Amino acid sequence: MIKLLRRLYRLTRLCIAGPGGWIGVVQFLAILALGLIGVRIGVRLISWNADFYNALQKLDAPEAIRQIGIYFMLTALSVAIFLTANYLRKLLQIRWRRTLTEAAMNRWLANKAYWHMRGRVDEGLDNPDQRIAEDCRIFVEKLTVEANDLITSCVALVTYAMLLWSLSTFPLAFSLGSIDVEVPRYMVWAAPIYVFFASVVTQWLGRPLTALNYQQQHREADFRFALSRLRENVEPVALASGEAAERRLIDGRLRAALSNWRRVADRELIQGFFTRPYFQTVLTLPIFLALPAYLAGRITFGGLMQLRSAFQNVVTTLSWFIFSYRDLVTLAAAAGRLDHFLTAAEAAGAPEPPAMIALGRQGLRIDGLALATPQGRPLEPVGGITVAPGECCWLVAPSGHGKSTLVKAIAGLWPHGEGRIERPDGAIFFAPQQPYLPLGSLATSLAYPALPERFTAEDYQAALAAVGLGDLWSEDEQAWITARHGLSGGEKQRLALARLHLHRPDWIMLDEATSALDVAAEATLLAGLRQALPNAAFVVIAHRQPQGLAACRTIRLTERAFEPAPPAAPAATGALCPAPQLVQPA
C-alpha cells in the first residue's frame, strides 16, 4: 500500500508540475467544492423523505404536492451540479493527460533513453507506446475520479453519520437466554460493521484482479503491436506469401489476450457472487433493521423513510472501496506500469555520454577502440583511425566484424567497450542502410529531423532533382502517403541522400547507404553529392568500393594496414551549419 501511495504521489506531482499546473489544482478544488455541495443536497433530500412520507401518512395533499415541487427543485440543482463537475473533470483530465504525457515523452527521449531501453522486455519495458498513450490516459481518468470521490466520501461520511446518530434514538433490545441485551443507537453501529465485513470479503475475492489486469494490458499491447508490424511490412510479407505465418503469430497473441481475459472474467464472477447481492441489499437492509422501531410506534412512517435514506447514505459512502474496487485495481495497475517505465526512462537517460567519446576536435580520431556486445562479448578491435576534415575514407571489414556498431559508437550510442573516440566539431549526418521516413508530408521526410519550414519548396525540388527523384515532389500530404508505400529500397536511399543536399553537413557517415543502388547510379549520386559538398568529410562503410567520390582512402579494419592517404581536402570553412550538432535521421 505504501509503495502504491508513493507511485500515486510521484505521478500526481508530475501532473501538477507542468505549465499552468495551478490551474489544474484550482479545477480540482472546484470539482471538490461542487461535490461537497452535492453532499449538502443529499442531507436535504434525507429530510425531504420525512416531510413527504409524513404528509402521505396524514393524507395531507397540499403538503405532499409542495414536497413534490421541492423534490424536483433539489433534483434539478443536483443534476446541474453533477454536469458542471463532470465537465470540469473532463477539462482537468485533458490538462493533466497532456502534462503527464509530455513528462513521459521528455524522459523517454532525453539523452536517447528510448535507444538504451530498447529490447528490455525481460524488465517489463516492452510497448513504450502503450505506457505513454494508454497508461497516461488511464491514470489521469481514474485518479481525477477516485481522488475526488474519496475526499467527498470522507466529508459525506461524517455528515451522514451525524445525521444517522440524531435519528437513531431507539435501542435494539433482545435476550440471550437469561441475559437481557440492549444496544443503543444500533443503526449507527450496524452500518460500519456491515461495510467492514463486505470490504474484507471483496478484497479477499478480488485481490488477484490487480495482477490479471496488469497482464491484460501487456497482452493487449502485444496483440496490437503484431497487427501494426504487419501493416508496416506488407511488402515483404506479401512477397514471401507469409499470410499464414503472420496469422499464426497474430492468432497466438490474440489467444493469449483472450485467455487472460477469461481469467479476469472468472475472477470477477467469483467476486460478483458476493458483491452483487451486497449492492442489492444496501437499499432494503435499513428498512428491515428499523422495522422493529416502526412497528413499536417509536418512529413515524416518514421517520422510517428518513432513517432508511440516512442509513443508505452512510453505507453507500462507507462502501466507496467496494463500489470503486475495479477502478482502483485499474488505477493501481496503470500507476505501477507507468511509474516503472518513467523510472527506467530516467535511469536510461541519466548516464553521461560514453567515456570513450571526446568532442570538439578538428577531425575524427579513433585510438585503441575495443567494442563489445551488451552481454560483454568482445568484438574485433578497431585499432587506430584518423580522418581529416574534407577527407573521404572507405572502411572495409567482413560481415559481423562490427562496422555498424562502430558507427553507433561514433554517434555516442554504444557505451559497451573501451578506447577513445575524438569526434569533430560541426554537423554530422548518419545515413543508415534502411532510411527512416517519418509520418507527415514529403517535406517533413526530406527536412527530418529539422522542421519542414526551414527549407523552401525550391530547396526540396532541387534536392530531389539532384538524386533523380524530381517527379516525386508534391505538397499534398495524402499523395505522398500513397506514394511512400510504393517506394523501392533504392528510392528510399535516394531520399536519404537528398537530405544531405538540404542539410549540407560537415561530416557524412554512410553505412551501406547505397547498397540498394547499382554501381552506375551510386557513382552518379555520390559524385553529385561530392560536388555539392566539396568540403564535407565522407566516411563510407560498404562491402564494395564507393564510386563517384574520387580519391577515397581505404581502411581495412581486419588487417590493421592502411593504404597511403591521398592529400587531404582543405578543412571546411564557412560551414552552413554554424553550431556543432548531431543529425541522425534514423
State, to one decimal in nm, how far the label point of Ser175 lies from the label point of Asp471, with both points 7 Å from Cα in the Cβ direction. 10.7
Among the lysines, select those whose C-alpha is under 20 Å from the C-alpha of Lys408, and discard any that sit fewer than 8 residues away in the same chain. Lys112
With the charge dipole of segment 2-349 built from beta-carbon charges (+1 for Lys and Arg, -1 for Asp and Glu) about the Cα centre, the Cα from Val195, Ala113, Leu304 projecting farthest to the positive end belongs to Ala113
Treat every Asp and Glu Cβ in segment 357-583 as -1 and every Lys and Arg Cβ as +1, leave all other atoms uncharged, and give the resulting dipole magnitude about the Cα centre to the nearest 20 debye. 620
Inter-probe distance in nm under a simple model that places probes 7 Å from Cα toward Cβ, at Arg454 and Tyr71: 6.9
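If R₀ is 51 angstrom, what is the calculated FRET efficiency for the pair Phe274 and His485, using the beta carbon separation as r and rounding to 0.05?
Efficiency, from the Cβ-Cβ distance: 0.40.
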Hey, what did segment 357-583 get for relative contact order, percent, Cα under 8 Å, at least 6 apart? 30
Please report, in debye to the nearest 20, how large the charge dipole of the chain is about its Cα centre when each Lys and Arg carries +1 at its beta carbon and each Asp and Glu carries -1 there. 1420
Give me the extension gain from His543 to Asp251: residue separation times 0.36 nm, minus the current Cα-Cα distance, reported in nm with one decimal. 101.1 nm
Computed from the mean reciprocal separation of all distinct C-alpha pairs, what Kirkwood hydrodynamic radius does segment 207-324 have, in Å? 18.8
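Can you give the translational diffusion coefficient of segment 357-583 in µm²/s, computed by Stokes-Einstein from the Kirkwood radius over Cα pairs at 20 °C and 1.002 mPa s?
Working: Rh = 18.2 Å.
Taking Rh from Cα pairs, D becomes 118 µm²/s.
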Antiparallel versus total DSSP beta bridges in the chain: what percent is that, nearest 5? 40
Cross-link partners of Lys142 among lysines (Cα-Cα below 24 Å; sequence separation of 8 or more within a chain): Lys3, Lys90
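Where in the chain lies the longest segment free of GluC sites (Glu not before Pro) that are both loop residues by DSSP (not H, G, I, E, B) and have at most 13 other Cβ atoms within 10 Å? The partial results should precede the final answer.
Details: sites that count: Glu475, Glu559.
Result, exposed sites excluded: 1-474.
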Which number comes out as Rg/Rh for the chain once both Rg and the Kirkwood Rh are worked out on C-alpha atoms? 1.17
Residue-averaged 222 nm ellipticity for the chain, from DSSP H runs of 4+ at -39500 (n - 2.57), nearest 500: -20000 deg cm²/dmol
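Only the coordinates and a few stated rules stand behind these numbers; no lab work does. None of these values were measured; they are calculated from a predicted model. Note that we place each Cβ from the backbone using ideal geometry, even for glycine, and neighbour counts take in every protein chain shown.
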